[in-house]
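To start, the structure under review is shown below, and the notes come after it.
The values are calculated or read from the model by the stated rules, or taken from the named source; none is laboratory data. Note that the structure is predicted; figures quoted are calculated from it, not measured. FYI the Cβ positions are ideal-geometry reconstructions off the backbone, even for glycines, and counts take in every protein chain you see.
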Amino acid sequence: MNGALLEKARQWLEAARSVAALTGAGISAESGVPTFRGPGGLWRRYRPEELATPEAFRRDPRLVWEWYDWRRQRIAQARPNAGHEALVRLEATKPRFTLITQNVDGLHERAGSRRVVKLHGDIWMVRCVVCGRERRDERAPLPELPPRCECGGLLRPGVVWFGEALPPAAWEQAEEAARQAEVFLVVGTSAVVYPAAGLIPLAQASGARVIEVNAEQTPYSSRLDCSLRGLAGEILPALIPPAGYRQTG
Ligand code: BJW
Ligand code: ZN
């Protein structure tokens with residue numbers, strides 16, 4: 001890790017009054033929640049692009065539910081990590097802060113983040129494909145796959161699949177936060193899924209300094225003000241030290 005780069009990013013964050021963060025699966029990796037792409041991104045022999053679609057659900061709802069049930073069990077056992085906790089501290093010190101997440105695992109809320117904009121839904125919500133009724137169901141594993149609504153219709157996970165629109169209110173808040181941010185922090189996302197990844201160039205074009213924290217390069221790394229290579233659970237606590245902690249250089 002380049003110490004000078006980290007220190008520059010820490011100072012930008014400290015000085016900014018308006019901050020937004022965009023997180024992806026990488027921030028939960030150290031909590032034991034599998035990412036979508038890269039090593040460990042496969043479930044059985046399927047890629048996420050083959051399971052996270054309305055077509056896959058229509059073809060084989062049980063298969064898709066088996067994947068979600070497996071992930072729900074992993075998430076139920078997971079605890080927020082030092083990366084999630086650092087973002088809770090950041091929120092507490094900023095007059096304007098928005099945490100935009102692509103994650104459906106709820107670990108930001110469990111860590112204590114308050115203003116969380118969820119672009120891709122929530123894995124603990126279920127929605128009836130017939131009557132549209134939606135409710136929270138935190139049972140993991142579910143007693144019956146695929147689960148059914150009282151009306152007899154199939155229930156689906158309350159998440160956003162490929163080809164589906166993002167929740168309009170969440171998307172508006174995300175765009176607004178990206179436009180307003182003085183510093184835009186991008187953590188643990190491969191930045192290949194749109195429109196979420198488009199928030200990065202939007203923030204940059206709107207004048208934000210963009211800081212990326214990722215274990216690997218992404219398509220945006222070379223275009224950003226500051227790209228920090230490493231684990232979110234290690235870099236975020238260094239970028240956002242606890243109150244009373246004095247940087248010694
Ligand atoms: C670490 C780490 C550690 C690991 N520390 N780092 C161009 C423009 C606009 C759209 C498109 C476009 N081209 C194609 C599209 C369509 C499509 C899309 O983007 N496809 C691309 C794949 C090509 N987009 C859509 O379909 C979206 N909808 C849409 O466009 O609607 C249009 C519309 C409008 C009006 C009406 C109707 C339609 C919807 C996208 C939904 C994505 N859904 C999923 C599943 C959610 C539910 C679930 O969880 O099951 O969202 S797919 C999956 O990918 C999930 C994630 O949120 C998303 C992003 O993944 P993420 O978080 O980046 O994870 P990974 O695994 O990819 O990366 C992890 C990263 O962490 C890596 O970089 C690691 O290096 C790093 N890492 N450990 C730090 N410890
Ligand atoms: Zn129903």
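Report yes if some residue within the range 23-33 is out of contact with any helix residue (DSSP H, G or I) (no Cβ under 9 Å at 6 or more places or on another chain) and either in a loop (DSSP other than H, G, I, E, B) or at negative phi (or both); otherwise report no.
yes
Do any strands (runs of 3 or more DSSP E) lying entirely in the range 130-249 carry at least 2 residues that are of a type outside the set (Gly, Ala, Ser), in contact (Cβ under 8 Å) with a residue 12 or more places away in the chain and within 17 Å of Gly26 (Cα to Cα), and which ones are they? So that I can check it myself, show each step before the final result.
Numbers: elements: 134-136, 155-159, 183-187, 209-214, 226-229.
Filter on the range 130-249 gives 183-187, 209-214, 226-229.
Against the numbered list (1) at pLDDT 95 or above; (2) surrounded by fewer than 21 Cβ atoms within 10 Å (Cβ to Cβ); (3) within 14 Å of ligand 1 (Cβ to nearest atom); (4) farther than 19 Å from Gln102 by Cα, Trp65 comes up short only at (2).
I'd like to know if the range 25-45 contains one or more residues that are more than 14 Å from ligand 1 (Cβ to nearest atom), polar (S, T, N, Q) and assigned by TED's automatic domain parsing to the domain that holds Ala203. Step through it out loud before you land on a result.
Step one: of the range 25-45, the residues more than 14 Å from ligand 1 (Cβ to nearest atom) are 44-45.
This time we only want the ones that are polar (S, T, N, Q), so: none.
Within the range 25-45 (the criterion being more than 14 Å from ligand 1 (Cβ to nearest atom), polar (S, T, N, Q) and assigned by TED's automatic domain parsing to the domain that holds Ala203), the answer is no, since none of the residues qualifies.
Restrict the check to the range 116-127 and report whether at least one residue is over 20 Å from the mean Cα position of the chain (by Cα), within 16 Å of ligand 2 (Cβ to nearest atom) and either surrounded by fewer than 21 Cβ atoms within 10 Å (Cβ to Cβ) or without any contact (Cβ under 8 Å) to a residue 60 or more places away in the chain (or both). Within the range 116-127, one or more residues are over 20 Å from the mean Cα position of the chain (by Cα), within 16 Å of ligand 2 (Cβ to nearest atom) and either surrounded by fewer than 21 Cβ atoms within 10 Å (Cβ to Cβ) or without any contact (Cβ under 8 Å) to a residue 60 or more places away in the chain (or both). Scan the range 34-71 for residues that are in contact with a Phe, Trp or Tyr (Cβ under 9 Å, 6 or more places away or on another chain) and part of a loop (DSSP other than H, G, I, E, B) and the total you get is 5. Taken as a whole, the range 5-17 holds at least one residue that is assigned by TED's automatic domain parsing to the domain that holds Cys226, surrounded by fewer than 21 Cβ atoms within 10 Å (Cβ to Cβ), within 26 Å of Gln173 (Cβ to Cβ) and in contact with a Pro (Cβ under 7 Å, 6 or more places away or on another chain).
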